[in-house]
Amino acid sequence: MSGRNNNKRSSDDRIPSSKRSRQMEEADVLRAELAAVKAELAAAKRNEADARQSRIQAMASVTELERSLSILNEDHKIVAHGYKLANDTLKRERAAFAKQKEKYEAELAELKKKLAEKSEVEVLSDVTAVQKMIEDERQQTMNYRNQMLEMSKVLQEDKQSSGIVMPWKVCEICAFEYSAEQSRTPRVLQCGHTVCEGCAGRLAKGTELKCPFDRQITTIKSVEDLPKNFVVLTM
C-alpha cells in the first residue's frame, strides 16, 4: 500500500503544475454548470407546480361561471314564466271586466225599459231584485279582488326574494318601473297595451295617440283621461 501511494505521488509529481491548474479550473466550471442546471431544474419544477395550481384555479373559475350561468338561465325561465302567467291573467281580467260591463249595461237598459212599462209595485219588486243582483255582483267582485291581492302578494314575495323587477311592472318604452308618481302612472290604451303617463304624453299628437306596439290609434282629450292600470300597480 505504501508503495502504491508513493507511486501515485510520484505520478502526480510528474504532472506539470500548469496542467493541474487547468484541470481544477475545468472542474470548477463543471461544478458551477451542474449547480446552474440544478437551479434551473428546481425553478422548472416550481413553475410547473405554479402552472398546475393556475390550471386548477382556472378550472374552478370555469365551473363557478358555468354554475352562475345555469342559475341565471333558471332565473330567466322563472321570470319568463311569471311574465306569461301575469300577462295571461291581465288578458283574462280585461275580458272579464269588459264582459261584466257589457252585462251591466244590458241589465241597466232592460231595467229602464221595465221601469217605463211597469206599475210602482212591480218597480219596487224589480228594484229589490236588482239590489240583490248588485249585492251578489259586489260580493263576487270582492272575492275576485281578494284573489288578485293574494296573487299580488305572492308575486311581491317572489320579487323581494329574487331582487328582480317583473317585466309587466316596467314601461316597455322608457324601462322605468310603474308607480303612483304621475309621470310613471300606468295608462291603458284602447288597444289594451299599457304605457306610463310620461311616454303617453310624448306619443300623443293632438287628440290622437298611436300605440308603438300595434300602431292602433287611441283618441284622447288628455293622457290623464286614459284609464289607470290598477292591476299593474297592485301586483
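The values are calculated or read from the model by the stated rules, or taken from the named source; none is laboratory data. In this text the structure is predicted, and so the values were computed from the model without any measurement. Every residue, glycine as well, gets a Cβ built from its backbone with ideal geometry; the counts of neighbours run over all protein chains shown.
Tabulated values for the structure
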item	result
Close pairs from the range 91-118: first part of a helix (DSSP H, G or I), partner modelled with pLDDT under 75, Cβ under 7 Å, at least 6 apart	L111/D126; L111/V130; K114/D126; L115/V123
Restricting the range 178-198 to residues that are over 21 Å from L90 (Cα atoms) and in contact (Cβ under 8 Å) with a residue 12 or more places away in the chain, the residue that is farthest from the chain's Cα centre (by Cα)	Q182
Residues satisfying the stated conditions in the range 186-235, i.e. surrounded by fewer than 19 Cβ atoms within 10 Å (Cβ to Cβ) and among the basic types (K, R)	R202, K205, K210, R215, K221, K228
Some residue of the range 75-86 being surrounded by 10 or more Cβ atoms within 10 Å (Cβ to Cβ), assigned to a helix (DSSP H, G or I) and modelled with pLDDT of 75 or more	no
Leading residue by the ranking (nearest to A129 (Cα to Cα)) among those in the range 97-113 that are more than 47 Å from the chain's Cα centre (by Cα) and surrounded by 11 or more Cβ atoms within 10 Å (Cβ to Cβ)	L111
Matching residues, the range 199-235, being hydroxyl-bearing (S, T, Y) and free of Cβ contacts under 8 Å to residues at least 12 places away in the same chain	S222
